[in-house]
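S.K.: First the structure, then my questions, so here it is.
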Amino acid sequence: MIELIIFDLDGTLVDSCEDITQALNYCLEKSRISGFSKEEVKKMVGEGVNRLIEKALDAKKICLPVQELIECFVKYYKEHITDFSKVYPEVHATLTQLKNIKKAVISNKLTELTVKTLESLGLLQYFDFVAGSDLFPERKPSPKPIIETIKKFNTTTDKTLIVGDSELDIIAGKQAGVRTVAVTYGYREREILKEADFIIDKFSDLLKIVREL
């Protein structure tokens, strides 16, 4: 029986890519650098803002002060965090049906931004614990955030699921010894997700997996 479900945020619960793209492009264009399309940004997100900025600069083959761009991004993003972001279909209804199971969010986003996103979109109420990249010494794909969260809820790996849209979630889950559920509607191609224990095309498919386990 599943006692704990750990969710990724971006690309799993929420489509936030447009807001991330807007924030990134705002900061690049301030430095007179051309921006990226939403589809290009989708391929770069998932490892936190620091890596996003580094990947963006690598893609443009330019050298700019990374810390200044990070600060610009965080400031702009805080002010426009859910201008365009949307909760994926069936998320609210499915989380409501999972009310008797403990639920956590582990994101590579900063904790403040993770909480603010959930709160703004009416999702915070469903979760017993929310952690961003700054709450643990390591971030996904490290298994440590998952292991520490399992300890927090005094449960075990065989009673835990992780649900995410990227290879980072799958790797972290596998290394932590928990079963992994990949969603195909997020930011990664299905082929990248093939190592997951379960692959679902819509969020409500999670209910069947939980019942069967």
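The values are calculated or read from the model by the stated rules, or taken from the named source; none is laboratory data. Values in this document were obtained by computation on a predicted structure and should not be read as measured data. Counting neighbours? That spans all protein chains shown, and the Cβs are built from the backbone with ideal geometry, glycine included.
S.K.: When you go through Val210, Val115 one by one, which is the residue that is more than 18 Å from the chain's Cα centre (by Cα) and either assigned by TED's automatic domain parsing to the domain that holds Leu52 or part of a helix (DSSP H, G or I) (or both)?
M.R.: Just one listed residue meets the conditions, Val210.
S.K.: Spot the failing condition for Asn108; the list is (1) closer than 18 Å to Val178 by Cα; (2) touching a residue at least 40 places away in the same chain (Cβ under 8 Å); (3) in contact with an Asp or Glu (Cβ under 6 Å, 6 or more places away or on another chain), and only one is missed.
M.R.: Of the numbered conditions (1) closer than 18 Å to Val178 by Cα; (2) touching a residue at least 40 places away in the same chain (Cβ under 8 Å); (3) in contact with an Asp or Glu (Cβ under 6 Å, 6 or more places away or on another chain), the odd one out for Asn108 is (1).
S.K.: Restricting to segment 27-60, name every residue that is assigned to a loop (DSSP other than H, G, I, E, B), free of Cβ contacts under 8 Å to residues at least 60 places away in the same chain and within 25 Å of Ser166 (Cβ to Cβ).
M.R.: Within segment 27-60, Gly35, Phe36, Ser37, Met44 meet the criteria.
S.K.: Of the numbered conditions (1) surrounded by fewer than 22 Cβ atoms within 10 Å (Cβ to Cβ); (2) more than 19 Å from Pro137 (Cα to Cα), Leu161 fails exactly one; give the number of that condition.
M.R.: Every condition holds for Leu161 apart from (1).
S.K.: Further question: Show the residue pairs that are 6+ apart or on different chains and have beta-carbon atoms under 6 Å apart, the first residue being within segment 191-204 and assigned to a strand (DSSP E or B), the second being of a type in the set (A, V, I, L, M).
M.R.: Partner pairs satisfying both residue conditions: Phe198/Val181; Phe198/Ile209; Ile199/Ala182; Ile199/Leu193; Ile200/Val183.
S.K.: Restricting attention to segment 129-148, report how many residues are farther than 19 Å from Val178 by Cα and of a type in the set (Asp, Glu).
M.R.: Counting residues in segment 129-148 that are farther than 19 Å from Val178 by Cα and of a type in the set (Asp, Glu) gives 1.
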